[in-house]
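Taking it in order: structure first as structure tokens, then the write-up.
The values are calculated or read from the model by the stated rules, or taken from the named source; none is laboratory data. Quick caveat: nothing in here was measured; it's all calculated off a predicted structure. As a convention, Cβ positions derive from the backbone with ideal geometry for all residues, glycine included, and neighbour counts pool all protein chains shown. Accessible surface areas use protein heavy atoms only, side chains included; no ligands, DNA or RNA. Shrake-Rupley method; radii C 1.70, N 1.55, O 1.52, S 1.80 Å.
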Amino acid sequence: MLQRSLSQSQPIRMYASKKKGGKKSGKQSEEETEKRDPDEDPVDMDKMEKHMQVRLERLSSDLQALRVGRANPALLNSVRVQLKGGTASLTDIALVTVKDAHNLLVIPNTFGEHTLIDTSIRNAGLGLNPRLDKNAVIVPVPKTTK
């Protein structure tokens, strides 16, 4: 009933736009179909394979950074640290290791950068609250909730 009432309402007319560039239609001419090699693939497999490889690598890196309740150094790969000369990746200026099942240990390469690393991890939006230890930063990874 609803469909019938909609179809009886005022019709809307759509007009096709004119194609520019002469007499090109969506149908191929017989000459073009004869020129195409039947053994030729319409898809470039090398290009497709390269594209899929990039996507698989991206998926792999995303899955490594997934939080599963255990400490994983890949969690901090996206953290950028603001230095005096610009920004740098956390993995470039510090060593990130697993201290135990629920804590990451970040050891800076140079002395005095642990406060910068602490603030960068807090501001990264990962929901982690690191704490400073003598010359290192300990990052507790919270357990996942149900």
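Just a few scattered comments:
- Considered as a group, the residues in the range 88-115 that are of a type in the set (D, E, K, R) and part of a strand (DSSP E or B) include one that is surrounded by the fewest Cβ atoms within 10 Å (Cβ to Cβ), and that residue is Asp100.
- Flag if Leu128 is touching a strand residue (DSSP E or B) at 6+ places or on another chain (Cβ under 6 Å), part of a loop (DSSP other than H, G, I, E, B) and open to solvent by less than 70 Å² (accessible area, probe 1.4 Å): yes
- When Glu31, Glu113 are checked against the criterion of being of a type in the set (Asp, Glu), farther than 25 Å from Val141 by Cα and at pLDDT below 90, Glu31 stands alone in meeting it.
- Inter-residue pairs, beta-carbon under 7 Å, first within 12 Å of Leu90 (Cβ to Cβ) and in the range 109-138, second of a type in the set (Gly, Ala, Ser) and open to solvent by less than 70 Å² (accessible area, probe 1.4 Å), 6+ apart: Asn109/Ala94; His114/Ala136; Ile117/Ala94
- Filtering the range 36-87 to residues that are at pLDDT 90 or above, part of a strand (DSSP E or B) and not basic (Lys, Arg) leaves only Val81.
- Looking across the range 131-146, just one residue is over 13 Å from Leu75 (Cβ atoms), part of a loop (DSSP other than H, G, I, E, B) and either hydroxyl-bearing (Ser, Thr, Tyr) or open to solvent by less than 40 Å² (accessible area, probe 1.4 Å) (or both), and that is Thr145.
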